Every structure is written in C-alpha cells, then in structure tokens.
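The values are calculated or read from the model by the stated rules, or taken from the named source; none is laboratory data. Computed from a prediction, not measured in an experiment: that's the story for all the values here. With ideal geometry, Cβ positions are generated from the backbone for all residues, glycine too; neighbour counts draw on all protein chains shown. These area figures cover heavy atoms from the full protein model, side chains too; ligands, DNA and RNA do not enter into them. Shrake-Rupley method; radii C 1.70, N 1.55, O 1.52, S 1.80 Å.
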Amino acid sequence: MTENGEDSPLHQSCEAPGKGDSVVNDSRAHKTSLGDAKSCKEHNHALEVTARNEVGEVSPYQPRPPYVPRLSKLSKSGSVDETVRTRRLRNSQESLSDRAGTGSSTDSLKEEQIVPAQGEFVLGSAATIRNGQDSNVRPVSADTTGSPVFRDRGSSLSEYERRPPSQQSDPTDHWARSTKMRLSPVQPTGPLPALEKSFASATLRVANRIDRDCLDYAVLAREKLRERPHRNLSDSRLLENMGSDSASVNSMRSTYSVLSPIRPQDVRNRSFLEGSLLGSGALLGAEELDRYFPERRVGIYIATWNMQGEKGLPANLDDLLLPTDSEFAQDFYIIGIQEGCPDRREWEIRLQETLGPYYVMLYAASHGVLYLTVFLRRDLIWFCSEVEHATVTTRIISQIKTKGAVGIAFTFFGTSFLFITSHFTSGDAKVYERILDYNKIVEALALPKGLPDTNPYRSTPSDVTTRFDQVFWFGDFNFRLGKDRVDVETIINRTVDGDMGPLLEHDQLSKEMKDGSIFKGFQEAPIHFLPTYKFDIGCDIYDTSSKQRTPSYTDRIVFRNRQVNDIKVVKYTSCSGIKSSDHRPVIGVFHVKLRPGRDNIPLGAGQFDRGLYLEGNRRRINRELKRREAMKNMSNSTICTIS
C-alpha cells in the first residue's frame, strides 16, 4: 500500500482474486496466481540483494516470503480490489474490537504495509467464501514462525484471529458491534520498580496499615467514645504475618464474621496448655489478656442487701443492678444477700432476667439465708478458673444459719479473687461479738481448696484474706452509730453536699478499723450517702416503731489488695429506689488490676447455669411482650387516640 492509501501493483499482484471473479474462470485465476507467486519470489530476492548491498550483511530479522495462499471458489460478483479492502477492513476491525485487549491496532494495520527499513514483508491471508460461510487462512512457513519478530507478533494477535476458521464470524458483525476505536493497553517494556512502604501520601499510609488489636482498643478508650469496640478482635500475630494486605483481611472478615480467619497450621500448633507468665501460647497469658483488656483492668459491680426475709420481691431490679447514672455496664456482677427470700431459685432467676442475655451466672452459693451470686459477661467465661466456695457459721448452734459468712473464690486470667458476704451479730452495744465473728470467719473459711495460690510468699495460714490477690468483703456488719437518735437526726439535718464526716465520727466500724481490731489491711471508699438502716418499709422515713432504732451504716463494702492501687473505686453509694426492706441496698463499682496467668490454673471450661440462663431470658421476653401489648392497648383507648 502506498502513502496515499492506494494499493501498489506489487501488492495487488500478490493478493488472491476477489469476489467479483466468476466460477467459470477458476482455472485461469489459478494460473494467474501462480505467476503472481513467481513475481513475489523475484521481488523478495531483489529486496534481499538490496539489503546486502546497503547494510553489508543479511538482517537476522529478514523474513522469508510465505507460502502461496490456498485458493478457493469465488463468488460471481466483485473484484480483487473489493476483496483486498474487505479483508483489510476485517483485520483492522478484529483488532480494534477485541474485548480482551490482546490485539494491537497498529499491528493489524502493519499487515498491509511493506517496511523496507526493517526488511519485513508480511502477506495477508486470503478470505474466501464457501457455501455462504467465511473462512480465514493464514499459512506461514516454519522458518518464518521461528523468527523473533513473528514470535512477538504472535503475542499481539487478537482473540478472534487465534480462533479456528470454523469459529470466526462474518466481518459485518464486527463492524456493527464496534464503531468506536479502542486501543489495546500498553505493556511495560521492563520490570516495574519495587513498591516501598514509605508512601508520600498520608492517606495511603493509613489505608495500608494494619494496627494491632490492643492499639485499636487503647485509642478508642483514650478518646472516651460512648460505644465500646467489639472485644472479639482479630489475632495480631496473624495480621503481622499477612503484611499490609488489609483488603484481603477485610474481605475475609466480611465474608464470615468480625473474627479473623484461622489458618490450619495455627490450629495444629496452638496449645493453651503451653506457655508461662509471659508466654504467647497460654489461654490466660499476656497476649490474651492484652487482647481483651489492653489497660489490664476489669470492671466489678458489687451489691449487698438485707432483704429482711420478705417473700415478695421488687417488681423491677433495674435500679439495683443497672442504675441510670452509670455510663457502662460492668464485667462482673456480685450480689450478696442477707436474710434472703425463702425461694432462692426465684431470686436468681430474677437476677438473670434483669441482666439479660449478655451475662451468665458463673456460680451461686448459700449458707442458710445468706446468698452469694456471681454473674459475668458471657464472652469472658473462658478465662475463669474452676470456682470454689466455703461457708462459716458464727452461731453457737451450727444448725442455725442466720449469721455467718459464705465465700466464693476463683481466678480470672492470673488474678485470684475472693468475695465474702456475711451477717454479723446485731445489737447496738455488741461490738466485741462482731469482732469475734470476723476472727472466726477469716480463720475457718477454707479457701482456696484446689486453686493454686498466685503469691504463696505473702499468704498467712490463719487469715484467708491474705491468700488472694483481690478480696471484697460486704454484707450487713451491724456496726452502729454511737449516738442517740435525736443527735444523729440533728447531724443529718445539718448535712450539706453529702458531707457525712460528722456522722462517721461516731461510726463503730470506722473506729475499729483504725484501731486494727477488725478488717486488717482492708479499705473502704469515702461515704457520701445517708445511713441505710433502719427505714419503714415502702418509704424514706427512719424507724417509727416503738424501738426507735438509731439510723446507722450497717451495710458496707470493704476491699483489700496485695499490690498497692490495684483496686480503683468508681462508685460507692446506696440504692434509694428499692424500699421493700428496712435496709437500703449498697452498691459499689470498682476497676481492678489484672495480671496474666500461668498454665497451672485449672480452667472452668466455660461452665455456667444454662437452665437459669434460659428461664431468665424467657421471662424477659414475656415481660417485653406484655409491655408492648399494654402500650398497644393504651394507644387504642376510647378516650384518646395516639397516632
């Protein structure tokens, strides 16, 4: 083809006959084509001689002329020029309309050109129509395909050109399907430079970084967001092994759950029985502790209440366990009851109904009418050891179990806990008897039984409270205010802004603790609430009976820790909303320091009271359904209608 787009005589002589030739002239066309093939060979020989004369040597990329195209019967109308133009248009359209992007528009145009500078001569295939079907044959010699030029050219063939002739469609389909030119993608000539992690853009740096789980939790905690992040976060070791492929990690998370995928090799190698205090293989070790508690502090909610043996329970225990002034619920709920209701199981179901499906009852123990119940968050149950309990009676007759103590002990991660609820001897002047009750309890409470002592060097055989890291003792201690009732009421009326200092100056328990005769090593949070004993049932008026009991702080919560500042007091107050007893419940919220555990701690295997869990939540559902039904009936009242 010449520069102005017209076919050169040489090119025309090398092409096959067009559509316009008749079938009758088939033999004549065959002879003409053989003659044209001879002229093509002579022309190639002339080009080769010219290349030797100009360059001095034969180019290694000089192709040999292809075989003569196979001829076929032609249609009755048309000319050689139309055939050439149709074939050229089809080849260019095949490359331009290649959806896979494998063809090259420039290569398809080069098929019809002769480039003397490179010595290339490419002969296009002849298109023939047989029985109304189109076929495209491109015969090329073996020597030609072995040339590097043709190897490179073969990689740029379009998908259509690589098909067998029987699968190629009519050229008019390509013309109707693609009317807009689309260039094939440009491939790089060499290897791309290595991508470094130090991106210039801060957005890219953030998007391609995978933070450790504990860092994510700590950042949110420092910002004091109102919503707590999910604690079942991914394994930081797995993320580190995956590098910065955050897209794949996020896709795997979204496919199944928020938990990271676990490789089979990790399942084979992971053993929670291995590891030590700082090991990475123990279930109670430092790695698991930092995953769930980056600040290594757990929230504990303690409530103590003398129920006065009433059969009827409050209609709602939300004020006792879920006060509205608390921003978050806590991880542990420990409830100690003195003079509990006759039906202890009913009481436990009511607690489960109030706390709902987020919590399970880890353990419950009793000593007569003393009840002690431990609830914890459902997803933390795997980090608790076996639970043990013991009881002590302080009555002369051991069968009478109205006074005494019950204790529950367990280990959470590597921190041992002891919770004791007790009921001491009553009476305004029986301070010495109450001290005797305390001494008997600390000596006779047989705990721990099978749990290992986390710090045996600081334990004392005669004092159970020295054998645990964190100890909480609460209940009705029955210590009174050493003042007449008139004087006490006068001081209460003068109290401003919750300053109970003038009252506590006459408190028997505060005086004995300062003297060291009771609760050795224990502390109590500052008191800013009114005395919790004794009220008339159903109102906020102190005792109006004939005995005229002096208001006193009988219900208390004290704590002890082995390490200084392990226990931080968040709240210490009374619950004035529950008035079904002559005592007001006392609640305390604490943040307690946790330490990683060793592999010698016997795990509790996730045991909890499943029957209680199901019954409590069933009642919770029924209560909600009744509430909604009542709201529906109220909205459909005949007096007024709420739209």
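See the values below:
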| item | result |
| --- | --- |
| Protection-proxy order for peptides 565-571, 457-463, 526-532, each taking the mean of Cβ atoms within 10 Å per residue, highest first | 526-532, 565-571, 457-463 |
| Carbon and sulfur %, accessible surface of segment 528-638 computed with the full protein complex present, 1.4 Å | 52 |
| Accessible surface, segment 527-598, averaged per residue in Å² (probe 1.4 Å) | 39 |
| Relative packing of 351-363, 304-316, which averages over residues the other C-beta atoms within 10 Å, highest first | 351-363, 304-316 |
| Rounded if a/c under 1.5, otherwise prolate or oblate - segment 524-640, Cα gyration tensor axes | oblate |
| Accessible heavy-atom area order of T391, T373, highest first, probe of 1.4 Å | T391, T373 |
| Most positive-pole-ward Cα, F529, P602, N478, against dipole of segment 457-608 from beta carbon charges | P602 |
| Accessible solvent surface per residue of segment 395-520, calculated while the other protein chains remain in place, 1.4 angstrom probe, Å² | 45 |
| Label-point separation, L504 to Y358 (7 Å along Cα→Cβ), nm | 3.0 |
| Local electrostatic count, V298, Cβ distance below 9 Å [Lys/Arg +1, Asp/Glu -1] | +2 |
| Farthest positive-ward along segment 427-575 dipole, Cα basis, beta-carbon charges - from L447, V496, P551 | L447 |
| Relative packing of peptides 294-303, 317-326 - highest average C-beta neighbours within 10 Å first | 294-303, 317-326 |
